Amino acid sequence: MTMGLDITVLAVDWERLEQTPFEERYALLEDAALPEDELDPYAEPQRGWVWPAAPNVPWCGRYEFHSTPGSYKPHFWAGQAWEDVREHAGPEPREHLDAFLRDLIWDTDIEDASVSGLFPADTDPWNRRTLLVCPPATVSALAGHWARAEPLLEGLREPYGTHAACPGRWIEDFDEFSVLLREWGVVVTETERRGWGLVGLPL
């Protein structure tokens, strides 16, 4: 995964996306990720959900993370932190956080974006057009794993402090790790409630 990327996460009405002509899909999602009317450099940054993401894409919402400046780096390092601590977690949190993070920020495999036929295939692994693509069924499964993992998250505080805390890293400690994971929980839970899917763009 290229470390110099930003990430913009979109909740998408999958039926409307699939009904959009193939050659127009990515451009519309780019509009939702970077709407022209929000490019004022002096504007107060938005946080949380933006509905709709753009006036011309009413079937799409955008989530602006509170805990990151838009960079992919904190998400990458949260995935690395989980790699450091997962062997020291109990079997239940390990099972559900493995399943929750794998499709989002840990050991990401985005080949499904091209296999599904939703977007043109990425031919350059260092210049990806999508960072994650989760259809509604995947989002529903993620929401189920998060519902089981979230009550167990605090139990990771001690092993995280021993095995994954790293002052100076983008995700320095357990509090930063848990805040970011809980934001992903908000993203997945609301998207699942709508019956929508998720797309992450490197914008």
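Which of the following residues is touching a residue at least 24 places away in the same chain (Cβ under 8 Å), assigned to a loop (DSSP other than H, G, I, E, B) and either surrounded by fewer than 19 Cβ atoms within 10 Å (Cβ to Cβ) or within 19 Å of the chain's Cα centre (by Cα) (or both): Thr138, Thr162, Thr130?
On the way: Thr138 fails: assigned to a loop (DSSP other than H, G, I, E, B); Thr162 fails: assigned to a loop (DSSP other than H, G, I, E, B).
Residue meeting the stated conditions: Thr130.
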Residue count, segment 51-72, condition within 18 Å of Leu180 (Cα to Cα), surrounded by fewer than 18 Cβ atoms within 10 Å (Cβ to Cβ) and not polar (S, T, N, Q), comes to 4
Val186 vs. criteria open to solvent by 10 Å² or more (accessible area, probe 1.4 Å) and in contact (Cβ under 8 Å) with a residue 60 or more places away in the chain
yes
Could you please let me know if Glu176 is without any contact (Cβ under 8 Å) to a residue 12 or more places away in the chain and open to solvent by 60 Å² or more (accessible area, probe 1.4 Å)?
no
Being under 30 Å from Gln80 (Cβ atoms) and modelled with pLDDT of 95 or more is the filter here, so list the residues in segment 9-28 that pass it.
Val9, Leu10, Ala11, Val12
Can you name every residue in segment 59-80 that is more than 14 Å from the chain's Cα centre (by Cα) and either basic (Lys, Arg) or modelled with pLDDT of 95 or more (or both)?
Trp59, Cys60
Pair list, Cβ under 9 Å, 6 or more apart: segment 85-113 residue surrounded by fewer than 16 Cβ atoms within 10 Å (Cβ to Cβ), other residue modelled with pLDDT of 90 or more and assigned to a loop (DSSP other than H, G, I, E, B):
His88/Ala164; Asp112/Pro135
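For residues in segment 142-159 being in contact (Cβ under 8 Å) with a residue 60 or more places away in the chain and open to solvent by 50 Å² or more (accessible area, probe 1.4 Å), which is farthest from the chain's Cα centre (by Cα)?
From segment 142-159, those in contact (Cβ under 8 Å) with a residue 60 or more places away in the chain are 152-153, 155-156, 159; that's our starting set.
Now restrict to residues that are open to solvent by 50 Å² or more (accessible area, probe 1.4 Å): 152, 155.
On the way: Leu152: 21, Gly155: 23 Å.
Among residues in segment 142-159 that are in contact (Cβ under 8 Å) with a residue 60 or more places away in the chain and open to solvent by 50 Å² or more (accessible area, probe 1.4 Å), the one farthest from the chain's Cα centre (by Cα) is Gly155.
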Tell me the residue from Arg102, Arg193, Arg169, Arg129 that is at pLDDT 95 or above and out of contact with any Pro (no Cβ under 6 Å at 6 or more places or on another chain), please.
Arg193
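Can you work out which of the residues in segment 29-53 that are at pLDDT 75 or above and not in a loop (DSSP other than H, G, I, E, B) is farthest from the chain's Cα centre (by Cα)?
Residues of segment 29-53 that are at pLDDT 75 or above, as a first pass: 29-35, 47-53.
Filter once more, keeping what is not in a loop (DSSP other than H, G, I, E, B): 29-33, 48-50.
Working: Leu29: 15, Glu30: 16, Asp31: 18, Ala32: 16, Ala33: 13, Gly48: 13, Trp49: 13, Val50: 15 Å.
Among those residues, the one meeting the criterion is Asp31.
The values are calculated or read from the model by the stated rules, or taken from the named source; none is laboratory data. The model shown is predicted, which means the values in this text are computed figures rather than measured ones. Backbone-built Cβ (ideal geometry, glycine too); neighbour counts: all protein chains shown. The area values use the complete protein model at the heavy-atom level, side chains included, leaving out ligands, DNA and RNA. Shrake-Rupley method; radii C 1.70, N 1.55, O 1.52, S 1.80 Å.
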